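Please treat every number below as a calculation from the coordinates, not as lab data. None of these values were measured; they are calculated from a predicted model. FYI the Cβ positions are ideal-geometry reconstructions off the backbone, even for glycines, and counts take in every protein chain you see.
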Amino acid sequence: DARMAPEIPVFILYNQVVKDYIAAMRRYSIVLMVLALLPLSAIADDSNPTPGPEYAPAASTDVLGQAQEIVLRALSFIGVRYKWGGTSPESGFDCSGLIRYVYTQVTGQPFPYNAQEMSRVGDNVAHTELQPGDLVFFNTLRKPFSHVGIYLGESRFVHAPSRGGHVEISDMGNRYWKARYNGARRLPL
């Protein structure tokens, strides 16, 4: 009388992965905020206080908050079907449609329509300097910058991969993605 373990539906597994990732991002963002504020506490001088605005903490927190919001918003679309030219969760997304939708929703700013145009926005980022929210680009159609995703951290990114697929998380260390990596951009937030 062999008993088989019950199968766990895929959407429950995705849901748990997203919850685990969100928890990790919250811990990561708290550490970054503390590290950003630490130098300010070291140079504080109470002997002669001068009133004035505190620019650095507000900017760091705002940028960090928007980058985190971009990551969380993109993760909320995991499982949405792929559709060539798709630009919304209702119709489905292609890779650039997902990125454009997420960045426009979070920043309120217009954003380019395709991966090639997106590769010209913001600042170039070295692979070793990637941060959550950065755009990562790949050569998937035998032309540079033909695929784009949002970097999540720990060598993972979220993207709308291809026909028949769904928005998913992939590992940049995977042989396929590693061989096709073109570069990354950090957008002005």
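Counting other beta carbons within 10 Å of each Cβ, put Leu141, Leu135 in order, fewest first.
Details: Leu141 11, Leu135 25.
Ranked by crowding around the Cβ, least crowded first: Leu141, Leu135.
Taking neighbour counts of Cβ atoms within 10 Å as a proxy for exposure, in what order, fewest first, do Leu98, Leu152 appear? Mind showing how you got there, number by number?
Numbers: Leu98 27, Leu152 23.
With the fewest neighbours first, Leu98, Leu152 line up as Leu152, Leu98.
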Sorted by Cβ density within 10 Å, fewest first, the residues Phe77, Phe138: Phe77, Phe138
